[in-house]
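Worksheet: the structure to be examined is printed underneath.
The values are calculated or read from the model by the stated rules, or taken from the named source; none is laboratory data. Just so you know, these numbers come straight off a predicted model, no measurement behind them. Cβ atoms come from the backbone with ideal geometry, glycine included; neighbour counts cover every protein chain shown.
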Amino acid sequence: MLNTSFDWNGAREPYILATENDTLNGASMLFLKLLTNRAQMFADVRTCWSGDGVRRVTGYELEGHAKEADGFIHLINSGACCLDACAEARDGSGKPVIKPFWEMSKEDVDACLKATTWCEADLGYFRGGGYSSRFETKCEMPMTMIRLNIIKGIGPVVQIAEGWSVELPKEVSDVIWKRTDYTWPCTWFAPRTTPAGVFKSAYDVMNNWGANHGAISYGHVGADVISLCSMLRIPVCMHNVPEETIFRPACWNAYGMDKEGQDFRACAAYGPLYK
């Protein structure tokens, strides 16, 4: 509830809460919240399902963005995800959205709560018991997943993966969901892919992800994250943001012709903005 845009008193600004003592994911969530003014998802980057894997266990042929990525990543965690991620709020044209908190109506709040159940905790994970929120993101909407990592010899670096949530048929979703904890919030995520490299497929994205957690925001906001990182002197080591949308200071151009190496060299030369 702390990460959500409302509580028992109605709509309010979401807090930032990272579970499992993951302060780096908490900082990632904070970056996204300050950039977007929206509630953020905390999720395990849990498993990757390829098109072949989905076909083998369910007989279903992937479609749309999931087919383009030859699979999807299962984003799931034990209740630290904002309830907004059920995507039951609607914008002016009726499309699913995660809204800034001040735009949340009573109807949006009621719809999110109706889509959420509260499951008894799995005692294998939670010896003390309790409850977990449970919902599924049943729509396709733009999303950006980021992760702040600390690398020996370098310091902080950021990874960015823009993509979309994926809606699966209920019978397909249930079969796959039950391969992990069925009582946790569930989002299927297909990253935007490229012909080669670390974004060639959903599997390649997960294989190159720096940790088992990610911070996920509504919308394609990777370009804003890259600009923020340049201001903070944090190099971006992995992203799939279209080059024409990226803005970094012009002085970055003096540090070579390859954009990624340029970013690392400029951030090292200028040093961190805060120490």
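Structure values in brief
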{"read-out": "Test set (1) free of Cβ contacts under 8 Å to residues at least 40 places away in the same chain; (2) at positive phi; (3) among the small types (Gly, Ala, Ser) - Gly79 fails condition number", "value": "(1)"}
{"read-out": "Residue list for segment 247-275, restricted to those being outside any loop (DSSP other than H, G, I, E, B), surrounded by fewer than 19 Cβ atoms within 10 Å (Cβ to Cβ) and of a type in the set (A, V, I, L, M)", "value": "Ala250, Ala254, Ala268, Ala269"}
{"read-out": "Residue check, Val166 hydrophobic (A, V, I, L, M, F, W, C) and touching a strand residue (DSSP E or B) at 6+ places or on another chain (Cβ under 6 Å)", "value": "yes"}
{"read-out": "Selection from segment 117-147 of residues that are surrounded by fewer than 18 Cβ atoms within 10 Å (Cβ to Cβ), hydroxyl-bearing (Ser, Thr, Tyr) and touching a residue at least 24 places away in the same chain (Cβ under 8 Å)", "value": "Tyr125, Tyr131"}
{"read-out": "So Thr183, is it within 13 Å of the chain's Cα centre (by Cα) and in contact (Cβ under 8 Å) with a residue 12 or more places away in the chain", "value": "no"}
{"read-out": "Breaking point among (1) at pLDDT 95 or above; (2) surrounded by 13 or more Cβ atoms within 10 Å (Cβ to Cβ); (3) not hydrophobic (A, V, I, L, M, F, W, C), for Thr180", "value": "(1)"}
{"read-out": "Selected residue (only one of Leu232, Leu273, Leu228 is within 16 Å of Val157 (Cβ to Cβ) and at pLDDT below 95)", "value": "Leu273"}
{"read-out": "Some residue of segment 58-68 being acidic (Asp, Glu), assigned to a helix (DSSP H, G or I) and over 15 Å from the mean Cα position of the chain (by Cα)", "value": "yes"}
{"read-out": "Selection count, segment 136-153, where residues are within 15 Å of Leu35 (Cβ to Cβ) and not in a strand (DSSP E or B)", "value": "0"}
{"read-out": "Lone unmet requirement of (1) hydroxyl-bearing (Ser, Thr, Tyr); (2) touching a Lys or Arg at 6+ places or on another chain (Cβ under 8 Å); (3) within 25 Å of Glu120 (Cα to Cα) for Tyr15", "value": "(2)"}
{"read-out": "Cross-chain or 6+ apart pairs with Cβ under 9 Å, segment 148-161 first and more than 15 Å from Asp22 (Cβ to Cβ), then of a type in the set (Phe, Trp, Tyr) and part of a loop (DSSP other than H, G, I, E, B)", "value": "Ala161/Trp209"}
{"read-out": "Filtered residues of segment 69-81 (kept if buried (at least 22 other Cβ atoms within 10 Å of the Cβ), in contact with a helix residue (DSSP H, G or I) (Cβ under 8 Å, 6 or more places away or on another chain) and part of a loop (DSSP other than H, G, I, E, B))", "value": "Ala69"}
{"read-out": "Test: Val198 is assigned to a strand (DSSP E or B), farther than 19 Å from Val97 by Cα, β-branched (Val, Ile, Thr) and modelled with pLDDT of 95 or more", "value": "no"}
{"read-out": "Residue count, segment 203-246 (criterion: part of a helix (DSSP H, G or I), surrounded by fewer than 19 Cβ atoms within 10 Å (Cβ to Cβ) and either within 12 Å of the chain's Cα centre (by Cα) or not hydrophobic (A, V, I, L, M, F, W, C) (or both))", "value": "7"}
{"read-out": "Complete set of residues in segment 82-123 that are of a type in the set (A, V, I, L, M, F, W, C), in a loop (DSSP other than H, G, I, E, B) and modelled with pLDDT under 95", "value": "Ala121, Leu123"}
{"read-out": "Residue satisfying condition, being in a strand (DSSP E or B) and at negative phi, within set Ser173, Ser133", "value": "Ser133"}
{"read-out": "Filter result (surrounded by fewer than 16 Cβ atoms within 10 Å (Cβ to Cβ), modelled with pLDDT of 95 or more and over 17 Å from the mean Cα position of the chain (by Cα)) within segment 8-52", "value": "Arg12, Glu13, Asp52"}
